[in-house]
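Reading through the structure tokens given below for one structure.
The values are calculated or read from the model by the stated rules, or taken from the named source; none is laboratory data. Here the structure is a predicted model, which is why all the values come from computation and not from measurement. Please note: Cβ atoms are built from the backbone with ideal geometry, for glycine as well, and neighbour counts cover all protein chains shown.
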Amino acid sequence: MEPFEKNLDILKSHLNSYLKESKAGNGPVISQKPYEEVIEKLNIENLLNKGTLEENLDSFIQSYLELTTKLHNPRYLGHQVSAPNYFAGLGSLIDGITNNAMAIYEMGPAASAIEYFMIDWLIKKIGWTPAKKLSLQASKDQNHSGGVLMNGGSLGNLTALIVARNAYSEEIAENGCSKDLVVLVPELSHYSLKRAVSMIGIGANNCLSLPSLSNGKIDCDTLPDFIQNLKRKNKKIVALVANACSTAVGLFDDLEKIGTICQKEQIWLHVDGAHGASFLLSRKNRKYLHGIDKADSVIWDAHKMLQTPALCAALLFKNHNHLDQNLSFEASYLVHEKDTPGFDFLTRTVECTKSGIGLKLFMALSALGENGIEKYLDETLIVTNKAYLWLLENKDIEVALEPEANILCFRYKNSCDDQLKIRKKLLSNGSFYISTTMFRDVRWLRIVIINPMTRLSHIKDLIKEIKIIGENLN
Ligand SMILES: *Cc1c(COP(=O)(O)O)cnc(C)c1O
């Protein structure tokens with residue numbers, strides 16, 4: 001047998017039992033061995049020096065899989081990363097082996113065509129209009145929507161703000177920023193936004209928090225006054241960002257109201273839908289995203305709620321011209337007159353070599369079907385809501401707020417200052433993986449119901465364990 005086939009067989013049997021065992025909830029979700037021990041267990045030094053990994057693949061992959069965090073375990077309630085559909089995982093494998101760097105069509109027609117198709121598919125879900133037929137960048141006269149897939153929402157937020165800034169004034173792209181520029185973000189915005197505002201030269205101090213309600217949502221009633229005030233001070237508002245939904249507590253801003261205000265004030269609206277935009281695929285829950293079509297740009301992570309392996313994030317623009325004209329550069333070895341029968345994504349992203357990540361998204365969605373993904377999305381919210389109601393009945397637990405998405409924050413009451421200690425003990429026990437967040441100036445335990453196998457019973461077991469830990473603290 002060829003080595004490739006032999007090794008695929010080895011991978012096949014290990015990955016198969018890995019998925020089976022993880023999904024069955026066997027073994028710990030998380031086990032954080034110290035660095036030295038991990039390097040030792042994986043026999044890294046030896047395998048590297050001698051170049052003998054291939055003949056030791058069987059034992060290596062066994063150890064490697066043992067040392068992973070098990071996202072497929074239904075007791076994985078940690079960060080917002082999918083337990084990917086295995087079929088989409090095969091997409092990562094195919095892309096890894098073919099390595100078609102498809103930023104220019106000629107480097108990967110299949111990958112590029114799939115990305116273009118999937119981008120249009122997402123655009124239609126937002127309620128925007130894709131190009132009638134394949135449109136090359138040159139078609140400035142059409143105002144259809146357009147986008148690109150990239151390596152994560154953080155990069156998406158950064159790219160969106162670069163485009164918004166350059167669209168605000170061509171002058172900035174040429175000569176740099178003046179001191180009167182500001183970007184407005186929700187109080188509970190993802191950290192990547194403030195950093196992006198700093199990175200693009202507007203300055204972190206000019207990333208201003210919007211007025212908010214006590215639950216962290218943008219306060220739409222005082223928003224118009226807030227904007228007028230800034231305008232009176234001669235501030236130039238480059239963009240306003242709204243959450244769909246917030247990372248910390250999973251609430252959606254009122255996109256309809258905010259969109260109307262931004263249109264009236266002619267302010268660029270960027271919707272951070274990294275986590276929540278996927279709920280557009282749920283007829284029951286897309287109400288939370290009502291008004292998203294009023295945005296100028298949107299980010300939408302597939303590696304969060306679309307069961308796609310990381311990374312796969314969509315950056316979408318209502319008017320493709322903004323994207324196609326505001327990231328311009330010169331590179332004679334890539335960009336020259338040619339008669340290409342497909343789309344070059346090169347000018348739509350800060351990446352140059354670009355992997356074919358659309359394949360993963362396509363394989364996830366086509367494995368599940370639109371009905372399958374809708375069922376999954378709805379089920380995560382049903383479980384979250386059941387857990388919320390059940391937690392309300394628990395006198396030892398304080399719940400932060402009623403959830404809208406599949407993110408739930410709560411505290412063990414008897415040891416309010418010790419939520420981090422509780423988490424630490426929980427993770428060292430290994431039976432659950434959860435995160436924490438700051439909200440209203442205090443720390444909360446935080447769970448994300450993202451694994452399709454998680455049920456209320458798992459959350460009841462989690463609370464039981466938290467109570468035991470809480471009672472035995474100190
Ligand atoms: C996760 C998240 C991001 C960052 O996306 P990455 O893909 O992790 O880079 C940005 N915004 C929100 C609201 C998020 O939940």
Q.
Whether any residue in the stretch 114-132 is within 16 Å of the ligand (Cβ to nearest atom), at pLDDT 95 or above, under 27 Å from the mean Cα position of the chain (by Cα) and buried (at least 22 other Cβ atoms within 10 Å of the Cβ) is what I want to check.
A. yes
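Okay, residues lined up against (1) in a helix (DSSP H, G or I); (2) crowded, with 19+ Cβ neighbours inside 10 Å:
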{"site": "L365", "(1), (2)": "yes, yes"}
{"site": "G372", "(1), (2)": "yes, no"}
{"site": "L377", "(1), (2)": "yes, yes"}
{"site": "T380", "(1), (2)": "yes, yes"}
{"site": "K395", "(1), (2)": "no, no"}
{"site": "N414", "(1), (2)": "yes, no"}
{"site": "M438", "(1), (2)": "no, no"}
{"site": "I450", "(1), (2)": "no, yes"}
{"site": "L462", "(1), (2)": "yes, yes"}
Q.
Condition first: of a type in the set (S, T, N, Q) and either at pLDDT below 95 or not in a helix (DSSP H, G or I) (or both). Now tell me which residues in the stretch 99-113 satisfy that.
A. N99, N100
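A quick yes/no check of all residues on (1) without any contact (Cβ under 8 Å) to a residue 60 or more places away in the chain; (2) surrounded by fewer than 20 Cβ atoms within 10 Å (Cβ to Cβ); (3) not small (G, A, S):
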{"residue": "T68", "(1), (2), (3)": "yes, yes, yes"}
{"residue": "P84", "(1), (2), (3)": "no, no, yes"}
{"residue": "L93", "(1), (2), (3)": "yes, yes, yes"}
{"residue": "Y105", "(1), (2), (3)": "no, no, yes"}
{"residue": "A110", "(1), (2), (3)": "no, yes, no"}
Q) So I267 clears everything in (1) touching a strand residue (DSSP E or B) at 6+ places or on another chain (Cβ under 7 Å); (2) within 14 Å of the ligand (Cβ to nearest atom) except one condition, right? Which one? A) (2)
Q) Looking at L71, L90, which is the one that is assigned to a helix (DSSP H, G or I) and not small (G, A, S)? A) L90
Q. Counting just the residues of the stretch 173-220 that are among the hydrophobic types (A, V, I, L, M, F, W, C), crowded, with 20+ Cβ neighbours inside 10 Å and assigned to a helix (DSSP H, G or I), which one comes out nearest to the ligand (Cβ to nearest atom)?
A. L193
Q.
Among the residues of the stretch 221-241, are any within 25 Å of E379 (Cβ to Cβ), touching a helix residue (DSSP H, G or I) at 6+ places or on another chain (Cβ under 9 Å) and either within 16 Å of the ligand (Cβ to nearest atom) or of a type outside the set (S, T, Y) (or both)?
A. no
Q: Pull up the stretch 1-46, narrow it to residues that are part of a loop (DSSP other than H, G, I, E, B) and of a type in the set (A, V, I, L, M, F, W, C), then point me to the one that is surrounded by the fewest Cβ atoms within 10 Å (Cβ to Cβ).
A: M1
Q. Only one of (1) part of a loop (DSSP other than H, G, I, E, B); (2) closer than 27 Å to S13 by Cα; (3) away from the ligand (no atom under 16 Å from the Cβ) fails for A83. Which number is that?
A. (3)
(Q) Of the conditions (1) away from the ligand (no atom under 16 Å from the Cβ); (2) within 22 Å of I200 (Cα to Cα); (3) outside any helix (DSSP H, G or I), H322 satisfies every one except a single condition; which number is it? (A) (3)
